[in-house]
């Protein structure tokens, strides 16, 4: 992809970054649930 | 309690002692050659490649893999996860020995070790990242030494000194976390001044963040790996508490490592995105980058998570070895493989056998020191006279 201005470059890279941020935030929450959903809710902080 | 005479009564000609003795003898010869003959006598370093194996492995890997000290003490004393308390002393010991050996290795690389304190008194300015790294490593080594002294004091019977340091536990832990955050990231910052030398896939404005986050993974994985090895070779020196808490440590740290690896994977992808380096992935360096990212970040992340969910302790232990290897691959890539990637192969660096020999020598000294300390000092068991909570 060709970029002619810095504005073009940042519009492209930040556009992808914002999509990745949303995916990551949802993905990390889902991954945490995957890691911990088999544990009993004993009120203790599991880490 | 293990007494010196009990150990001396045993034969010293064990396979470990023989192999370690040979490596140490060779190391001493290389030491003499390096300090009397200079760097050119023992290394393949050049003006193009001033940082070689001793920086890439001994320093960068050494510092990252010694991160278990601050990670474990922060978990136990700051975040209150007391069930991992038995892992603190082995982690602090590993950290202390790791940093001590980093300084030892550094003195081989820079030479004239008596000038190591010079940056604090004779220097051009405090804005250098290298100065910050030097200052933090020195201060953190002191902090680790003080954190380690309760075990040595209990062994030597210095009750007052031991009690004084135990009262300082929280302050020392906070200092350790601050200093580690600073220098673990700054080791990455060192490469910020070399954008034209480091391959774009490894170069990023976020490289300090990459180094810091990966050091947490290294610390967590090293605690699991070291715990597995000590359980295998020093089980007779572990008391009931250590044996009981061992599984909690493996599962808890495995879970944390999995989650941090997932975050690390995400920010590495951000690194590619922000510099728009996607097109490099189809090159040879890109293939190697993908091996690192998928094989040594995504794979251990997945294996840790499966191990934690299935309560598979063996899988987590093997994964910790893979994760530790992954950290080493990353540091090698940044410092050696992807560095000077523009140069023709005839100008590229490959360590001499003596550089590898000296690195082996330093690791062997560390293992021998670890063996000596866990044999005599209360690292894997509670001293019978100090059953109260301690550092």
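Can you spot a residue in region B:254-262 that is free of Cβ contacts under 8 Å to residues at least 24 places away in the same chain and touching a helix residue (DSSP H, G or I) at 6+ places or on another chain (Cβ under 8 Å)?
Within region B:254-262 (the criterion being free of Cβ contacts under 8 Å to residues at least 24 places away in the same chain and touching a helix residue (DSSP H, G or I) at 6+ places or on another chain (Cβ under 8 Å)), the answer is yes, since at least one residue qualifies.
Somewhere in region B:89-100, is a residue more than 16 Å from residue B:138 (Cα to Cα), within 14 Å of another protein chain (Cβ to nearest Cβ), buried (at least 23 other Cβ atoms within 10 Å of the Cβ) and at pLDDT below 95?
no
Being within 14 Å of chain A (Cβ to nearest Cβ) and either buried (at least 22 other Cβ atoms within 10 Å of the Cβ) or at positive phi (or both) is true for just one of B:316, B:327. Which residue is that?
Unique residue meeting the criteria: B:316.
For region A:31-40, how many residues meet the condition of being assigned to a helix (DSSP H, G or I) and more than 9 Å from chain B (Cβ to nearest Cβ)?
Result for region A:31-40: 1.
What residue, of B:386, B:349, is in contact (Cβ under 8 Å) with a residue 12 or more places away in the chain and under 27 Å from residue B:214 (Cα atoms)? Walk me through how you get there before you give the answer.
Details: B:386 fails: under 27 Å from residue B:214 (Cα atoms).
It is B:349.
For region B:53-75, what are the residues that are closer than 24 Å to residue B:172 by Cβ and crowded, with 24+ Cβ neighbours inside 10 Å?
Of all residues in region B:53-75, those closer than 24 Å to residue B:172 by Cβ come to B:59, B:62-75.
Once the filter is applied, which keeps residues that are closer than 24 Å to residue B:172 by Cβ and crowded, with 24+ Cβ neighbours inside 10 Å, region B:53-75 yields B:62, B:63, B:64, B:66, B:67, B:68, B:69, B:70, B:71, B:72, B:73, B:75.
Within region B:13-50, restricting attention to residues that are within 24 Å of the chain's Cα centre (by Cα) and not in a helix (DSSP H, G or I), which residue is nearest to residue B:340 (Cα to Cα)?
B:49
For residue A:4, indicate whether it is at pLDDT below 90 and more than 9 Å from chain B (Cβ to nearest Cβ).
yes
With region B:228-310 as the region, which helices (runs of 4 or more DSSP H) entirely inside it contain at least 3 residues that are modelled with pLDDT of 95 or more and away from every other protein chain (no Cβ under 14 Å)?
Filter on region B:228-310 gives B:284-290.
Collect the residues in region A:12-30 that are closer than 20 Å to residue B:280 by Cα and more than 9 Å from chain B (Cβ to nearest Cβ), keeping them in residue-number order. Can you show your working first?
Let us first name the residues in region A:12-30 that are closer than 20 Å to residue B:280 by Cα, namely A:12-17, A:20.
The answer is A:15, and nothing else.
Only one of (1) farther than 29 Å from residue B:246 by Cβ; (2) crowded, with 23+ Cβ neighbours inside 10 Å is not met by residue B:50, so which one is it?
The one condition residue B:50 does not meet is (2).
Test residue B:148 against the stated conditions and say whether it is in contact with a strand residue (DSSP E or B) (Cβ under 8 Å, 6 or more places away or on another chain) and buried (at least 18 other Cβ atoms within 10 Å of the Cβ).
Considered against the rule, which asks whether it is in contact with a strand residue (DSSP E or B) (Cβ under 8 Å, 6 or more places away or on another chain) and buried (at least 18 other Cβ atoms within 10 Å of the Cβ), residue B:148 comes out as no.
The values are calculated or read from the model by the stated rules, or taken from the named source; none is laboratory data. Keep in mind that this is a model prediction, so the values were computed, not measured. Methodologically, a virtual Cβ is constructed for each residue, glycine included, from the backbone with ideal geometry; neighbour enumeration extends over all protein chains shown.
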